[in-house]
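Below is one structure, written out as structure tokens; comments come after it.
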């Protein structure tokens, strides 16, 4: 086997190869052990020499690991050996690491006492038990890659999108938890995987949204951002209310009303709403505090007037403020609504229609919408307080 000749194999020929061993060069080989329906199945190996001894290291199964992916993995191992590193040491360490299911159950055991709802806890673990563990449960958490996550998400991504979104969040939580425990060094590829999945029903595109766990740090940065104080307050109000940019920039003092049994509520008239229907937003104490601070800038009807014109803030005001933060991840004002939605789905047992009502979304199912004659104001009040408490 000439190690100096690389890339001998061809994709087309490999797909229908007979049982046997085939060499790609540079120590990379594939052992085809069976054929089904004219398709070859086998195992990739890389032969390397460490301290004068020959070792055959597995690189995964074919066709799950493509020819191109096997070549990349093989070159990485060759580079490690050339640099004087010992890939066997890392492999032994990985074998001692927990598998995905073990990592997920460890996370569950650690977080369960802090979850108020037993129903939410059951749903959190049940989603993984049903959709993830059968497919990737035994895979080492250190080796979970985009292909593993795609295999879990794709079957339900368009058919049951709400379940898929919850599953996506829980997969990401397990990987992030594993990184914090030292069980994994690579960052979670979950967001990259989602970008490659087909659009879900009613999806119009994605706004840059932060993982909800980063939102408190973002708001802290916003409060000290190099921008006009009224702009900072307006963006904070947007985050605390999960409202749209235009709704906040056009907010008026006469839209703040007191509702018995609820407290202060922001009532946005139909003409200012995307769906053309009145929207009521229960205000958590933190949002009320923002309004108290905003009174210092009161010059007329607007709650957040532009310091330059006295009119509504420009439609780029929030975008420019967020850009000045130079946050390590892309983030937009509208994406903060997505972060709120992910948080509600992932960490609370709030029904889907209550979360959608908080976002002033129109339910896609017209039959369900026809029966829902309430905007869940009281339940949303508790939800918004729980959300705002994250930022205290």
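Identify, please: which residue in segment 134-149 is buried (at least 18 other Cβ atoms within 10 Å of the Cβ) and part of a helix (DSSP H, G or I) and is, among those, nearest to the chain's Cα centre (by Cα)?
149
Which count do you get for residues in segment 50-59 that are more than 20 Å from residue 30 (Cβ to Cβ) and in a strand (DSSP E or B)? Give the derivation first.
Restricting attention to segment 50-59, the residues satisfying the condition of being more than 20 Å from residue 30 (Cβ to Cβ) are 50-53.
The next check asks that each one be in a strand (DSSP E or B); those that pass are 50, 53.
So the count comes out to 2.
Tell me whether segment 317-331 contains one or more residues that are modelled with pLDDT of 95 or more and either loosely packed, with under 14 Cβ neighbours inside 10 Å or part of a loop (DSSP other than H, G, I, E, B) (or both).
No; the residues of segment 317-331 include none that is modelled with pLDDT of 95 or more and either loosely packed, with under 14 Cβ neighbours inside 10 Å or part of a loop (DSSP other than H, G, I, E, B) (or both).
Considering each residue of segment 56-72, count those that are in contact (Cβ under 8 Å) with a residue 12 or more places away in the chain and crowded, with 16+ Cβ neighbours inside 10 Å, and give that number.
8
Would you say residue 47 is loosely packed, with under 11 Cβ neighbours inside 10 Å, assigned to a strand (DSSP E or B) and either in contact with a strand residue (DSSP E or B) (Cβ under 9 Å, 6 or more places away or on another chain) or touching a residue at least 12 places away in the same chain (Cβ under 8 Å) (or both)? Outline the logic, then answer.
On the way: loosely packed, with under 11 Cβ neighbours inside 10 Å: no; assigned to a strand (DSSP E or B): yes; either in contact with a strand residue (DSSP E or B) (Cβ under 9 Å, 6 or more places away or on another chain) or touching a residue at least 12 places away in the same chain (Cβ under 8 Å) (or both): yes.
Here the answer is no, as residue 47 does not meet what is asked.
How about segment 111-154: which of its residues are free of Cβ contacts under 8 Å to residues at least 40 places away in the same chain, in contact with a strand residue (DSSP E or B) (Cβ under 9 Å, 6 or more places away or on another chain) and more than 28 Å from residue 199 (Cβ to Cβ)?
Answer for segment 111-154, where residues must be free of Cβ contacts under 8 Å to residues at least 40 places away in the same chain, in contact with a strand residue (DSSP E or B) (Cβ under 9 Å, 6 or more places away or on another chain) and more than 28 Å from residue 199 (Cβ to Cβ): 137, 138.
Here are the criteria: (1) more than 13 Å from residue 104 (Cβ to Cβ); (2) in a helix (DSSP H, G or I). Tell me which single one residue 185 does not satisfy.
So residue 185 meets the others, but not (2).
I'd like to check something: does segment 269-292 contain any residue that is touching a residue at least 40 places away in the same chain (Cβ under 8 Å) and on the phi > 0 side of the Ramachandran plot?
Taking every residue of segment 269-292 in turn, none turns out to be touching a residue at least 40 places away in the same chain (Cβ under 8 Å) and on the phi > 0 side of the Ramachandran plot.
Does residue 202 meet the test of being outside the structural domain of residue 349 (by TED's automatic domain parsing), in a helix (DSSP H, G or I), more than 12 Å from the chain's Cα centre (by Cα) and modelled with pLDDT under 90? Give the steps one after another, and end with the answer.
Working: outside the structural domain of residue 349 (by TED's automatic domain parsing): yes; in a helix (DSSP H, G or I): no; more than 12 Å from the chain's Cα centre (by Cα): yes; modelled with pLDDT under 90: yes.
When the stated conditions are applied, residue 202 does not pass them.
The values are calculated or read from the model by the stated rules, or taken from the named source; none is laboratory data. As the structure is a computational prediction, the values presented were derived from the model and not from experiment. Here the Cβ is made from the backbone with ideal geometry for all residues, glycine too, and neighbour counts use every protein chain on show.
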